[in-house]
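Engineer: Dumping the structure here so I can ask a few things about it.
The values are calculated or read from the model by the stated rules, or taken from the named source; none is laboratory data. Everything quoted here is computed from the prediction, not taken from an experiment. Don't worry about glycine lacking a Cβ; one is built from the backbone with ideal geometry, like all the others, and counts go over all protein chains shown.
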Amino acid sequence: MALSLYVHIPYCIQRCHYCDFTTFEQSLIMPPEDYVKLLLMEMRQRHHGVAGRKLRSIYFGGGTPSLIKPSLIVSILKEVATLGFEIDQSTEVTIEINPATVSESSLDTYIQNGINRFSVGAQTFNDDLLKMCGREHTAAQTRETLSLLQKRGLNYTFDLLFALPGQKLAQLEQDLNELVDFQPKHLSAYYLTVPTGHPMSKGRPPENEQVSMFELIESHLGLSGFERYEISNFCQPGFESRHNMSYWDNTDFWGLGLSAHSYLKSSKWGTRFWNPKTFPAYEEQVSNAATGSPEEGLPDEQVEVLKMHESLTDICHMHLRTLSGLPERLLNELFDGLAASEAASRLNSLVTKGWLVKSSQNNWSLSPEGLLLSNQVFEELTFGPSDF
Ligand SMILES: C[S@@+](CC[C@H](N)C(=O)[O-])C[C@H]1O[C@@H](n2cnc3c(N)ncnc32)[C@H](O)[C@@H]1O
Ligand code: SF4
């Protein structure tokens, strides 16, 4: 059974104003060398029961993995191989890189050691907006990084952030024009999400302009040969992110490092588990762990053994994020008659409402209206223990 690995590298040059990922400014915390030692220890202790499995993908995420020495990333990849995970040509190995944090020589090291996909946190080519987000790099540095990747013909993806305070439709259009010229194979377009009351929640484009932004992204990218295959993700044909697909199509994934989350089908309805969010707690856990499977021996508050209604909720939410949707066949295969028919009835009523469509192959997926209202769709498909 295939497995995906996520490796969290929690270092950043700066903390962007909108970000709530578990990351820290490098100088303020444990040196990366010590952190990677803990990470290797965690892998050696906990790989029992999963080592030997074929890896669909490895993803170095953050944070800014390109900020730490490439030799540290290589040491993690070597350990993965030493522990007996199966890696072949089809294993997608991605590293997130921030503009101005890679060089010809670091790229050489990554490529020679099996990294075959680069995810560039570009966000926007507008310097004023970059500054307002608290980003350290300029648009010129983003262009340099993208040119470096393009010159070598590498497979790279691009993160775009939109609906920023003060952002105009024409500025988003400039971003789209420019990024299409760099010919990435894949693009993630993230609608800025910040809590109410956050400084960046003020001055955002009005709702009708936000809708125009969603429409502009879809039409502009469509004309440039990109297919939308998930709510926020677009790709050239055949370049879907294998790693992200693991989250959406219910493949097992093991997350290593600070705050990393995992999902394994190691119990009837699947088990989720996660690592501590602080360095001292993570260090203590790894230093005191016995050997075992990834979730063995974790405290109860870090493990959730899913019940049927939770698994049904996850399957509906995750599959419906993709434009290929949720196959009726899968519902019937995984769940008993009562649960599958309750889900089918809710799904069909969302078709009547116009938020979902059902294909001739009996897959439900988000309609154009549902794509804009996905949170409401997911609320309707959240099941409780007494729903069937
Ligand atoms: C985990 S971050 C890591 C990427 C890299 N460190 C960077 O920022 O350049 C992945 C992506 O999440 C997106 N992101 C982070 N915070 C967000 C937020 N509050 N709302 C929407 N997207 C966000 C950004 O586009 C970012 O590139
Ligand atoms: S660089 Fe990326 S991970 Fe780091 S703070 Fe900014 S958005 Fe978050």
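Engineer: Which of (1) touching a helix residue (DSSP H, G or I) at 6+ places or on another chain (Cβ under 6 Å); (2) at pLDDT 95 or above; (3) of a type in the set (G, A, S) is the odd one out, the single condition A289 does not satisfy?
Structural biologist: Going through the list (1) touching a helix residue (DSSP H, G or I) at 6+ places or on another chain (Cβ under 6 Å); (2) at pLDDT 95 or above; (3) of a type in the set (G, A, S), A289 breaks only (2).
Engineer: Would you check if R117 is farther than 23 Å from I68 by Cβ, modelled with pLDDT of 95 or more, away from ligand 2 (no atom under 16 Å from the Cβ) and assigned by TED's automatic domain parsing to the domain that holds P195?
Structural biologist: Answer is no for this residue.
Engineer: Looking only at segment 138-171, count every residue that is assigned to a loop (DSSP other than H, G, I, E, B), in contact with a helix residue (DSSP H, G or I) (Cβ under 9 Å, 6 or more places away or on another chain) and free of Cβ contacts under 8 Å to residues at least 60 places away in the same chain and tell me the total.
Structural biologist: 9
Engineer: Kindly provide the set of residues from segment 172-197 that are small (G, A, S) and exposed (fewer than 14 other Cβ atoms within 10 Å of the Cβ), ordered by number.
Structural biologist: Across segment 172-197, the qualifying residue is only G197.
Engineer: Any residue in segment 1-29 that's basic (K, R): show its pairings with residues that are within 10 Å of ligand 2 (Cβ to nearest atom) and outside any strand (DSSP E or B) at Cβ separation under 9 Å, as long as the two are six or more apart or on different chains.
Structural biologist: Going by the 9 Å Cβ cut-off, the qualifying pairs are R15/T23; R15/G134.
Engineer: Suppose we filter F158, F162, F125, F182 for residues that are in contact with an Asp or Glu (Cβ under 9 Å, 6 or more places away or on another chain) and more than 15 Å from H17 (Cα to Cα); which single one remains?
Structural biologist: The conditions single out F125.
Engineer: Which residue, of L176, L161, L192, is away from ligand 2 (no atom under 15 Å from the Cβ) and within 24 Å of the chain's Cα centre (by Cα)?
Structural biologist: That would be L176, the only listed residue that is away from ligand 2 (no atom under 15 Å from the Cβ) and within 24 Å of the chain's Cα centre (by Cα).
Engineer: Within the bounds of segment 379-387, is there any residue that is aliphatic (A, V, I, L, M) and closer than 23 Å to K265 by Cα?
Structural biologist: yes
Engineer: Here are the criteria: (1) in contact with a His (Cβ under 9 Å, 6 or more places away or on another chain); (2) among the small types (G, A, S); (3) surrounded by 20 or more Cβ atoms within 10 Å (Cβ to Cβ). Tell me which single one S246 does not satisfy.
Structural biologist: (1)
Engineer: Still on this structure: Does segment 350-358 include one or more residues that are within 26 Å of Y229 (Cβ to Cβ) and of a type in the set (S, T, N, Q)?
Structural biologist: Yes, that holds for at least one residue.
Engineer: Within segment 256-270, identify whether any single residue is among the small types (G, A, S) and farther than 24 Å from K54 by Cβ, and answer yes or no.
Structural biologist: Yes, there is a match, as at least one residue in segment 256-270 is among the small types (G, A, S) and farther than 24 Å from K54 by Cβ.
Engineer: For segment 125-143, check the following and say yes or no: at least one residue is within 14 Å of ligand 2 (Cβ to nearest atom), assigned by TED's automatic domain parsing to the domain that holds E230, surrounded by 15 or more Cβ atoms within 10 Å (Cβ to Cβ) and small (G, A, S).
Structural biologist: no
Engineer: How many of the residues making up segment 12-64 are aromatic (F, W, Y) and surrounded by fewer than 17 Cβ atoms within 10 Å (Cβ to Cβ)?
Structural biologist: 2
Engineer: Looking at segment 333-350, which of its residues are without any contact (Cβ under 8 Å) to a residue 24 or more places away in the chain and either surrounded by 15 or more Cβ atoms within 10 Å (Cβ to Cβ) or in the same structural domain as T193 (by TED's automatic domain parsing) (or both)?
Structural biologist: Residues satisfying the conditions are L334, A340, A344.
Engineer: Going through R204, R228, R242 one at a time, which residue ends up being at pLDDT 95 or above, under 16 Å from the mean Cα position of the chain (by Cα), of a type in the set (D, E, K, R) and more than 24 Å from S311 (Cβ to Cβ)?
Structural biologist: Answer to the selection: R228.
Engineer: Only one of these is part of a helix (DSSP H, G or I), crowded, with 21+ Cβ neighbours inside 10 Å and either modelled with pLDDT of 95 or more or at positive phi (or both): L258, L320. Name it.
Structural biologist: L320 is the lone residue from the list that is part of a helix (DSSP H, G or I), crowded, with 21+ Cβ neighbours inside 10 Å and either modelled with pLDDT of 95 or more or at positive phi (or both).
Engineer: Residue check, L149 against (1) under 30 Å from S201 (Cα atoms); (2) in contact with a Pro (Cβ under 9 Å, 6 or more places away or on another chain), all met but one. Which one?
Structural biologist: Of the numbered conditions (1) under 30 Å from S201 (Cα atoms); (2) in contact with a Pro (Cβ under 9 Å, 6 or more places away or on another chain), the odd one out for L149 is (1).
Engineer: Also: Residues being in contact (Cβ under 8 Å) with a residue 12 or more places away in the chain and part of a helix (DSSP H, G or I): count how many of those fall in segment 351-367.
Structural biologist: Matching residues across segment 351-367 total 1.
Engineer: Among (1) out of contact with any Gly (no Cβ under 7 Å at 6 or more places or on another chain); (2) touching a residue at least 12 places away in the same chain (Cβ under 8 Å); (3) under 18 Å from Y247 (Cα atoms), there is one condition N375 misses while meeting the rest; what is its number?
Structural biologist: N375 satisfies every listed condition except (2).
Engineer: Which numbered condition in (1) of a type outside the set (D, E); (2) closer than 30 Å to D34 by Cβ; (3) assigned to a loop (DSSP other than H, G, I, E, B) is the only one that P237 fails?
Structural biologist: Only one criterion in (1) of a type outside the set (D, E); (2) closer than 30 Å to D34 by Cβ; (3) assigned to a loop (DSSP other than H, G, I, E, B) is unmet by P237, namely (2).
Engineer: Can you tell me which residue within segment 368-387, out of those that are out of contact with any helix residue (DSSP H, G or I) (no Cβ under 8 Å at 6 or more places or on another chain) and assigned to a loop (DSSP other than H, G, I, E, B), is farthest from E333 (Cα to Cα)?
Structural biologist: L373
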